[in-house]
Amino acid sequence: MTIHAVWVINKAGGLVFSRSYSDTLPALPLNTILILAGTLHGVHAITSRLTPGAGSGGMEAFEAEGWGGRVFLTSTGTKFVVLHSIPHTGLEELLKRIYEIYADAVMKNPFHTAEMPINSSLFESRLQGLIAGVNT
Amino acid sequence: MAQSLAYMGGGSGSAGGGTPSSSSRFSLPTSPPTSSTPSSASFYSHSTNPSTSTVSAPLPKRDGSRIVSAGPSSLQQTLFPSSSHQAPTSILDRPLNRTKGAEVSLGAFAFLFAEIVSYSQSRVDSVTDLEKRLSTLGYEAGQRILSLVLLRNTQQAGGKDPKREHRLIPILQFVHTQVYRYCFGKPADGLERSVEGEDEYMLTLNQPPLTQHISIPKDLSQLSCEAFTAGIVEGVLDGLDVPARVTAHTVGTDQYPQRTVILIKLDQKVMDREEALGK
């Protein structure tokens, strides 16, 4: 399994963090990734409105040929998105680990402003270490 | 005491329209319900519905009032616990020498510390001022930690032979071992004398727990939030009459990118005294 990229989307739909971990993804300018992340946020909102019954679900995964994405919505509205190659294992565990790193390195950092882009070298290095252990 | 409180509670309850509590006090002493039931029934029937259900309505209502009557007494027990009832002890009531269960969760402290730093940062103009502010906070903590650690040591020794170091090296070892262990659960990773001067000592901590989640932005690269720890050290040293200027510096290595050095620059007075005391 390869993790192609990790995105963090804030509760307003803005992209606050994106990092690519493989060279198979087309190199997109940051503005394009911002638009794509906003669109994903919108699609997630649509799917959560379409959920039958009273469940507050939404899109959790999407797949295409050879690759897919997994969305993890936290209870505060922050979304973690992982783009991955198709035979995959342990994605939920991975997303929980990413959430944990986010809670430690971002939320406990006094120099981070909530809902703003993440500029934490600690977050990046810990995430790098985690993804490097998963990517083969 | 409890009775007067119950009376006050009943009075305020009836004033607020809570008739069940007053009627329950009526019904408790009178166990044969022959005389009291009609009066309470008529009272209720006037207030709710005068027409039909005067016979069937009072019975469930009396049952309800009995349940309510059990309520206030148990509520009083929780609000005003008697001596037999165990109450949660606050940090001020806890014995000073008991350390078990007194630890603070690191996650909670990390959030508190992050808030302290951002609060302080919004009130200063420069990195130096921010470090000074954090150091002042640490100094206050250090003074209290010194008293507490010394007291606990004396109590553990059974109250006899209270010990307080007066020579420089034992004092630094006391900070390195006991104070650090009190604060962070383990002794500091190193204590060494600076090669630059006789009066400079360095305490190192490879992975400082306080600032392990903090990443300093580039425009504040000189800042080390361990200034708080430096303040603690300064407070302890000052309490032992070893005035010093204590600063914190992040000196990362490949293995420990957050390794922090607490630099202690001793006052000339201390050096003079050490020389006078001799070996």
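Taking Cα atoms of segment B:184-279, Rg/Rh with Kirkwood Rh, to two decimals?
Checking Rg against Rh, the ratio lands at 1.01.
Hey, which of these cross-link pairs are over 20 Å Cα-Cα: B:K132/B:K269; B:K160/B:K269; A:K11/A:K108; A:K108/B:K265?
Too far apart for the 20 Å limit: B:K132/B:K269; B:K160/B:K269; A:K108/B:K265.
Please list 3J(HN,Hα) in residue order for segment B:231-246, calculated via the Karplus relation 6.51 cos²θ - 1.76 cosθ + 1.60 where θ = phi - 60°; whole Hz, with x for glycine and proline.
3J(HN,Hα) across segment B:231-246, in whole Hz: x, 4, 4, 5, x, 5, 5, 5, x, 9, 6, 10, x, 8, 9, 10.
Under a 10 Å cutoff between Cα atoms, tell me which one of A:L28, A:L83, A:L50 has the largest fluctuation in the Gaussian network model of chain A.
Per the Cα network of chain A with a 10 Å cutoff, A:L28 tops the list.
Test of understanding: express the Cα radius of gyration of chain A as a ratio to 2.2 N^0.38 Å, with N the residue count. Show your work: numbers first, answer last.
On the way: Rg = 14.5 Å, N = 136, 2.2 N^0.38 = 14.2 Å.
That ratio works out to 1.02.
If you take the beta carbon distance between A:S75 and A:S22 as r and set R0 to 30 Å, what does 1/(1 + (r/R0)^6) give as a FRET efficiency, to the nearest 0.05?
Efficiency at R0 = 30 Å is approximately 0.50.
Calculate the spin-label point distance for B:R144 paired with B:E192, positioning each point 7 Å from the Cα along the beta-carbon direction, and give it in nanometres.
Result for the modelled spin labels: 3.5 nm.
Kirkwood hydrodynamic radius of segment B:104-197 from all distinct Cα pairs, in Å? Show your work: numbers first, answer last.
Working: mean 1/r = 0.0633 Å⁻¹.
Every distinct Cα pair counted, the radius reaches 15.8 Å.
When the solvent-accessible surface of protein heavy atoms is calculated with a 1.4 angstrom probe, in what order do A:I33, A:I9 fall, highest first?
Most to least solvent-accessible, the answer reads A:I33, A:I9.
Within 10 Å, Cβ to Cβ, of A:I86, how many net charges do the neighbouring residues add up to if Lys/Arg are +1 and Asp/Glu are -1? Can you show the working numbers first?
Working: positive: none; negative: A:E63, A:E65.
Local net charge: -2.
According to a simple spin-label model (label point 7 Å from Cα along Cα-to-Cβ), what is the distance in nm between A:I35 and B:E275?
Rounded to a tenth, the inter-label distance reads 7.5 nm.
Would you mind getting me the FRET efficiency between A:T89 and A:Q128? Use the beta-carbon distance for r and R0 = 25 Å, nearest 0.05.
Values: r = 21 Å, r/R0 = 0.82.
Result of the calculation: an efficiency of 0.75.
If I require 24 Å or longer along the helix axis, counting alpha carbons, and a Kyte-Doolittle average no lower than -0.5, what helices from chain A are left? Use full DSSP H segments. Can you show the working numbers first?
Details: long enough: A:30-50 (30 Å, 1.06).
Helices meeting the criterion: A:30-50.
Comparing A:V43, A:V82, A:V71, which has the greatest mean-square fluctuation in the GNM of chain A with Cα pairs linked when under 10 Å apart?
Fluctuation is largest for A:V43.
How large is log10 I(q)/I(0) at q = 0.10, 0.20 Å⁻¹ when the Debye formula is applied to the Cα atoms of segment B:106-277, each weighted equally and without solvent?
For the requested q values the scattering log ratios are -0.39, -1.42.
Counting only heavy atoms of the protein chains, get the accessible area per residue of segment A:70-113 (1.4 Å probe) and round it to a whole Å² value. Please report the intermediate quantities before stating the final value.
Values: 1900 Å² over 44 residues.
Computed with neighbouring chains in place, this is 43 Å² per residue.
List the GluC sites (Glu not before Pro) in segment B:176-279 that DSSP assigns to loop (not H, G, I, E or B) and whose Cβ has at most 13 other Cβ atoms within 10 Å. Which are they? Before the final figure, lay out each step's value.
Values: sites: B:E192, B:E196, B:E198, B:E200, B:E226, B:E234, B:E274, B:E275; in loops: B:E196, B:E198, B:E226.
When the GluC sites (Glu not before Pro) of segment B:176-279 are filtered for loop state and at most 13 Cβ neighbours within 10 Å, B:E196, B:E198 remain.
Within segment A:63-113, which GluC sites (Glu not before Pro) sit in a loop by DSSP and count at most 10 neighbouring Cβ atoms inside 10 Å? Kindly include the intermediate steps, with their values, before the conclusion.
Working: sites: A:E63, A:E65, A:E92, A:E93, A:E100; in loops: A:E65.
Listed in order of number, the matching sites are A:E65.
Largest first, what is the accessible-area ranking of A:W7, A:W67 with a 1.4 Å probe?
Greatest to least solvent exposure: A:W67, A:W7.
The values are calculated or read from the model by the stated rules, or taken from the named source; none is laboratory data. Quick caveat: nothing in here was measured; it's all calculated off a predicted structure. All Cβ positions, even for glycine, are placed from backbone atoms using ideal geometry, and neighbour counts span all protein chains on display. Remember, those area values only see protein heavy atoms, side chains included, never the ligands or the DNA or RNA. Shrake-Rupley method; radii C 1.70, N 1.55, O 1.52, S 1.80 Å.
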